[in-house]
Amino acid sequence: VNAHRSAAIRPRTRQEIGRTRRRRSHRCWGHLIAAPLWPLHGANLGTLLRTCDAVGACLAVPRLPWVPEALARGNTLRHQTCVHYTGDPLRWLAQQRNAGMNVLGIELADEAIRLADLPAARVPTVAVLGHERHGIPPDALDLLDQAVEIPMIGHGSTLNVAVAGSLVLYKLAGLL
Ligand SMILES: C[S@@+](CC[C@H](N)C(=O)[O-])C[C@H]1O[C@@H](n2cnc3c(N)ncnc32)[C@H](O)[C@@H]1O
């Protein structure tokens with residue numbers, strides 16, 4: 001009756017998974033940078049950092065007094081991950097643009113493309129995440145090359161920053 005069913009699924013053990021992973025964190029590839037430039041919740045930063053490690057991206061964040069400690073607490077990986085401290089977010093974004101990075105806003109905006117239509121990044125890309133309450137500030141919107149929106153069909157108006165950033169990073173990395 002169930003001939004279409006394959007054999008039982010056997011999740012890989014920790015040891016088996018570990019053997020397929022890098023022994024150390026990847027170094028700074030500078031190809032993908034997740035940029036939560038107006039962070040409010042430390043838990044989001046730790047979660048994003050894990051996604052950055054998984055897809056080969058760096059994290060860029062201002063060194064607010066609580067940020068290094070929040071990253072250390074939220075990062076449950078054994079090895080150091082690639083974190084760039086930005087200083088003033090607007091100045092840093094302008095520098096990235098001048099250096100030729102593609103600056104992609106992750107935001108709910110009429111001008112945004114849908115996540116399904118976002119191709120893997122062929123040029124070095126900064127993925128900018130907005131303030132957890134107010135979104136990407138107007139001054140920073142002027143520094144974006146394009147924007148991507150993650151469609152939502154439920155009741156909630158937005159995703160949290162770590163979820164939105166992780167979905168976009170996986171797409172940019174070409175792993176989804
Ligand atoms: C909680 S939302 C910000 C609040 C929202 N802009 C507002 O003013 O009500 C925080 C950030 O998460 C990202 N985000 C959340 N949901 C998103 C979605 N569906 N598509 C794209 N970005 C999203 C954006 O970067 C946004 O600025």
| task | Could you please give the count of residues in region 120-176 that are aliphatic (A, V, I, L, M), closer than 18 Å to residue 100 by Cβ and free of Cβ contacts under 8 Å to residues at least 24 places away in the same chain? | result | 1
| field | Number of the condition not met by residue 148 [criteria: (1) away from the ligand (no atom under 11 Å from the Cβ); (2) aliphatic (A, V, I, L, M); (3) touching a helix residue (DSSP H, G or I) at 6+ places or on another chain (Cβ under 8 Å); (4) more than 17 Å from residue 86 (Cβ to Cβ)] | value | (1)
| note | Of the residues in region 104-114 that are assigned to a strand (DSSP E or B) and crowded, with 17+ Cβ neighbours inside 10 Å, the one that is farthest from the ligand (Cβ to nearest atom) is 104
| query | Would a scan of region 79-102 turn up a residue that is closer than 17 Å to residue 173 by Cβ, part of a strand (DSSP E or B) and touching a residue at least 12 places away in the same chain (Cβ under 8 Å)? | reply | yes
| remark: For region 128-150 the number of residues that are surrounded by fewer than 19 Cβ atoms within 10 Å (Cβ to Cβ) and within 20 Å of residue 48 (Cα to Cα) is 5
| field | Count - residues of region 131-168 that are over 15 Å from residue 33 (Cβ atoms), part of a loop (DSSP other than H, G, I, E, B) and of a type outside the set (Gly, Ala, Ser) | value | 14
| remark: Exactly one of 167, 93, 175 is among the hydrophobic types (A, V, I, L, M, F, W, C) and within 11 Å of the ligand (Cβ to nearest atom), and that one is 167
| Candidates 21, 27, filtered to the one that is modelled with pLDDT under 95 and more than 30 Å from residue 88 (Cα to Cα) | 21
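Considering only region 133-142, I want to know if a residue exists there that is within 13 Å of the ligand (Cβ to nearest atom) and within 17 Å of the chain's Cα centre (by Cα).
Looking for residues that are within 13 Å of the ligand (Cβ to nearest atom) and within 17 Å of the chain's Cα centre (by Cα), one finds at least one in region 133-142, hence yes.
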| task | With the condition kept exactly as written, say whether any residue in region 32-42 is farther than 14 Å from residue 127 by Cβ, at pLDDT 80 or above, surrounded by 13 or more Cβ atoms within 10 Å (Cβ to Cβ) and of a type in the set (A, V, I, L, M). | result | yes
| field | In region 115-130, the residues that are more than 10 Å from the ligand (Cβ to nearest atom), of a type in the set (A, V, I, L, M) and not in a strand (DSSP E or B) | value | 116, 118, 120, 121, 123
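The values are calculated or read from the model by the stated rules, or taken from the named source; none is laboratory data. The structure presented is a predicted model; accordingly, all values stated were derived computationally and were not measured. For neighbour counting, all protein chains shown are included, and Cβ atoms are generated from backbone atoms with ideal geometry for every residue, glycine included.
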